[in-house]
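Q: Below are the structure tokens for one structure; questions will follow.
The values are calculated or read from the model by the stated rules, or taken from the named source; none is laboratory data. Just so it is clear, the structure is predicted and the values come from calculations on it, not from any experiment. Glycine gets a Cβ as well: all are built from the backbone with ideal geometry, and neighbour counts include every protein chain shown.
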Amino acid sequence: MTINLKENERLDELQRNGYQIIQNPEKFCFGMDAVLLSGFAKAKKGDKTLDLGTGTGIIPILMEAKTKAAHLTGLEIQEESADMARRSVALNGLERKIEIVQGDIREAGTLFGAASFDVVTCNPPYMTGGHGLMNPNTPKAIARHEILCTLEDVIEQTAKLLRPGGNFFMVHRPFRLAEIMVLLCQYKLEPKRMQLVYPFADKEPNMVLIEANRGGKRRMTVERPLIVYEKPGVYMPEIHEIYGY
């Protein structure tokens, strides 16, 4: 299928099923955190999944390639990003499997209804306050800073959206780990699995992947660390496997 690209847009290969994604570097492009989340998240055959703040649709598209989920929905508040996501879905012929909805995370429970999904994923804005914030109206700022939604908004809506026993998968920054755990427990999303991501073996972790279960029992597994680089510019084998090359 031919898709007309708009100004400053480009097509990027996803190394999965021949899929491609439309992105605009002037606005925002997905990063490694989204790819790692798509590898960490799990969906069983027949599951309905929702990605909160889907951006250009990277996580639903990758999860369609990696899992047997029956249907995947992406929710995105920014019109330009939602438009790129829809065109990427069409480009890959996935209109029957993936739906992109433009809307506000804070209203997700109303948009979709309670207990509507088996799996919820999210790569939320990491930064609070105005630290490093130049222009609060730019797509990059909205993606990186808690301008249009907070961590609590994400977790509160996820608790509404998940069916009992459903799973939530999120990538975030380790410096907010205590806050994340408190909020998950507050909203009855029991932390079940965690993995820290290190850029190099001798550096501090810069990402954390978390799985929580709605109404689950108290027991969490901490998986072995995920190391990104063997040496500068050279990925570890596990990263190659997640990316698909």
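Q: I'm trying to understand the selection: among the residues of the range 10-21, which are surrounded by 13 or more Cβ atoms within 10 Å (Cβ to Cβ) and either under 17 Å from the mean Cα position of the chain (by Cα) or in a loop (DSSP other than H, G, I, E, B) (or both)?
A: Correct list: L14, Q15, R16, N17, Y19, I21.
Q: For the range 39-71, which positions are without any contact (Cβ under 8 Å) to a residue 60 or more places away in the chain, surrounded by 20 or more Cβ atoms within 10 Å (Cβ to Cβ) and assigned to a helix (DSSP H, G or I)?
A: Correct list: I58, P60, I61, L62, M63, E64.
Q: Sticking with this structure for a sec: Consider S81 carefully, then state whether it is buried (at least 24 other Cβ atoms within 10 Å of the Cβ), part of a helix (DSSP H, G or I) and at pLDDT below 95. Spell out how you get there, then give the answer.
A: Details: buried (at least 24 other Cβ atoms within 10 Å of the Cβ): yes; part of a helix (DSSP H, G or I): yes; at pLDDT below 95: yes.
The answer is yes for S81.
Q: Then there's this: Can you tell me which residue within the range 155-185, out of those that are basic (K, R) and farther than 15 Å from L52 by Cβ, is farthest from the chain's Cα centre (by Cα)? Quick ask: steps written out before the conclusion?
A: From the range 155-185, those basic (K, R) are 160, 163, 173, 176; that's our starting set.
In the following step, the residues that additionally are farther than 15 Å from L52 by Cβ were identified as 163, 173, 176.
Details: R163: 19, R173: 13, R176: 17 Å.
Here the residue is R163.
Q: Is it fair to say V119 is in a helix (DSSP H, G or I), closer than 20 Å to V208 by Cβ and aliphatic (A, V, I, L, M)?
A: Details: in a helix (DSSP H, G or I): no; closer than 20 Å to V208 by Cβ: yes; aliphatic (A, V, I, L, M): yes.
The answer is no for V119.
Q: Next question. I21: at pLDDT below 95 and of a type in the set (V, I, T), yes or no? Before the answer, list the steps.
A: On the way: at pLDDT below 95: no; of a type in the set (V, I, T): yes.
Here the answer is no, as I21 does not meet what is asked.
Q: Within the range 149-245, which strands (runs of 3 or more DSSP E) (wholly inside it) include 3 or more residues that are surrounded by 15 or more Cβ atoms within 10 Å (Cβ to Cβ)?
A: On the way: elements: 162-172, 189-198, 207-214, 229-231.
Because the criterion is at least 3 residues that are surrounded by 15 or more Cβ atoms within 10 Å (Cβ to Cβ), the strands (runs of 3 or more DSSP E) in the range 149-245 that meet it are 162-172, 189-198, 207-214.
Q: Since L133 meets every condition but one in (1) touching a His at 6+ places or on another chain (Cβ under 6 Å); (2) modelled with pLDDT of 95 or more; (3) not hydroxyl-bearing (S, T, Y), which condition does it not meet?
A: Status for L133: all satisfied but (2).
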